[in-house]
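Visitor: Have a look at this one before I ask anything.
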Amino acid sequence: MTPSPTIAIVGSAGTYGRWLRGFFERRMGLRVLGHDPGDPGSDTPETLLEHADVLLFATPIRQTTEVIDDYVRRSAGREAGRLWLDITSIKQAPTEAMLRSRAEVAGLHPMTAPPKAPTLKGRVVVVCESRLERWRPWLQVLLDALEGEYVHASAERHDRMMALVQAMVHASHLAQAGVLGEYAEDLGGLRAILPFRSASFELDAAIAARILSLNPAIYEEIQFGNRHAAEVLDRLLAQFTELRGLVRQGDDAARARFRERFLHSREVFGQQALDEGSYAYERVGYLLADLVTRRYASVHLPQDRPGSLRALLHVFERHGVSLESIHSSRTPAGEVHFRIGFVGGTDPAALATAVAEIDATGLGHVLEAG
């Protein structure tokens, strides 16, 4: 194992491939090679196999096993003593394919799309160690640099969990999206429904919109590529079918059965999970409420240095403008934007003066104010 290995990314032109190249080069200071059929100027597979100490597969789920098998054939034993990794959402088949090589093997699954941030800080990453010896210390260096929240599992356990965490959840929201689509003509579509929203509906609609906005091939393979997904969907369908039957039955016996199922699920969750989940839901509800505050300003601080936010807030204080909330988010370019909400009854003239001063002094760039 070399302390500064050369990294090769198979699938380097994909969204995660591009993010990983930037991470390895800028965050870890490593030399990065990459091959992708979508990038004619990328390195050849032979170059990757000849020079890479670590080979990482960031290819579409459906193609990953075939691609790995092709690299096993091409490598023909040269991979002995090196490290092979993959980052797909399905782990059993890719892991089995990598184990057909002579390389050390581990699978990683970041439970997020490529972030706008430079690391995976705060994001869950599943780690499936399959054959690790000499490369174990360096893999830990990689995990430390990624700054994720790690859970370790076998490839088989990972896929069983993903059938619940991904396949079931995505299927539920895709089904909701389908029903909303069927009612769109009668009710005027999502825009007409959202004014009647509850926090639960708004969250579900946001998740469905997020899924529908991304690459359908990813969600297709999460359903079709996971051998455990069909069983989970059968159980989900059975739950829906029973609920539908009870609602159609509609009598006291049906209502009693509903309460029985409800209370049983509560027991299965356990009090700690119920308390933590309820608290998390309330926090998100408050956030959603803050984001529709009528008096607000969205500000980017171009000078990212200690004390910048304090100086920004001091401007509002001097002009007698009281804050109600403040939240931060990142743009696709990685800029941090602050959305600041102000208490009801805020003097519009005082707020306008404060906003103008922030822009004029260069302390911040006001993107939007209302």
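Visitor: Just read off the accessible area of residue 204 with the full protein assembly in place, 1.4 Å probe, to the nearest 10 Å².
Guide: 50
Visitor: Which is farthest toward the positive dipole end of region 22-63 among 38, 58, 48, measuring Cα position about the Cα centre, with Cβ charges +1 (Lys, Arg) and -1 (Asp, Glu)?
Guide: The residue sitting farthest along the positive end of the dipole is 58.
Visitor: In whole percent, how big is the carbon plus sulfur part of the accessible area of the chain, probe 1.4 Å, protein atoms only?
Guide: Roughly 54 percent, rounded to a whole number.
Visitor: Separate question: May I ask you to evaluate 6.51 cos²θ - 1.76 cosθ + 1.60, the Karplus curve with θ = phi - 60°, for each residue of region 99-105 and list the ³J(HN,Hα) values in order in whole Hz, giving x for glycine and proline?
Guide: Once θ is set to phi - 60°, the couplings for region 99-105 become 5, 6, 8, 9, 7, 6, 9 Hz.
Visitor: At 7 Å along Cα-to-Cβ for each site, give me the label-to-label distance between residue 300 and residue 66 in nm.
Guide: 4.2
Visitor: Then there is this: Under the rule a/c < 1.5 gives rounded, and otherwise a/b versus b/c splits prolate from oblate, where does region 9-97 land using the Cα gyration tensor?
Guide: Verdict is rounded for region 9-97.
Visitor: How do 35, 51 rank by accessible surface area computed with a 1.4 Å probe, from largest to smallest?
Guide: 51, 35
Visitor: Let me ask you something else. Quick one, can you get me the convex hull of the C-alpha atoms of the chain expressed as volume per residue in Å³?
Guide: About 196 Å³ per residue, rounded to a whole number.
Visitor: While we're here: Whole number please: convex hull volume per residue, Cα atoms of region 262-370, in Å³.
Guide: Taking only Cα atoms, region 262-370 has a hull volume of 148 Å³ per residue.
Visitor: On to the next question. Using 0.36 nm per residue of separation minus the Cα-Cα distance, give me the extension gain between residue 258 and residue 319 in nm, one decimal.
Guide: 16.3 nm
Visitor: When the Cα centres of region 1-64 and region 352-366 are compared, how far apart do they sit, in Å?
Guide: For region 1-64 versus region 352-366, the Cα centre distance is 43 Å.
Visitor: Still on this structure: Taking amide H positions as placed in the peptide plane 1.01 Å from N, state which residues far from residue 369 in sequence (5 or more) or on other chains have amide H under 5 Å from it.
Guide: 298
Visitor: How much solvent-accessible surface does residue 190 expose, in Å² to the nearest 10, with a 1.4 Å probe and all protein chains in place?
Guide: 80
Visitor: Using only the alpha-carbon atoms of region 290-333, report the extent along each of the three principal axes, biggest first, to the nearest angstrom.
Guide: Ordered largest first, region 290-333 gives principal extents of 31, 25, 11 Å.
Visitor: I've got another one for you. With every protein chain kept in place and ligands, DNA and RNA left out, what is the accessible area per residue of the chain? Probe 1.4 Å, answer in Å².
Guide: 57
Visitor: Turning to a different aspect of this structure: Let a ≥ b ≥ c be the square roots of the eigenvalues of the Cα gyration tensor of region 122-175; is it rounded (a/c under 1.5), or, if not, prolate (a/b larger than b/c) or oblate?
Guide: oblate
Visitor: Classify region 209-249: rounded, prolate or oblate, from the alpha-carbon gyration tensor (a ≥ b ≥ c, eigenvalue square roots; a/c under 1.5 rounded; otherwise prolate if a/b is larger than b/c)?
Guide: Judged from the Cα gyration tensor, region 209-249 comes out oblate (a/c at least 1.5, b/c at or above a/b).
The values are calculated or read from the model by the stated rules, or taken from the named source; none is laboratory data. Since the structure is predicted, the reported quantities are computational estimates derived from the model, not experimental observations. Don't worry about glycine lacking a Cβ; one is built from the backbone with ideal geometry, like all the others, and counts go over all protein chains shown. Just so you know, the surface numbers come from the protein's heavy atoms only, side chains and all, with ligands and any DNA or RNA stripped out. Shrake-Rupley method; radii C 1.70, N 1.55, O 1.52, S 1.80 Å.
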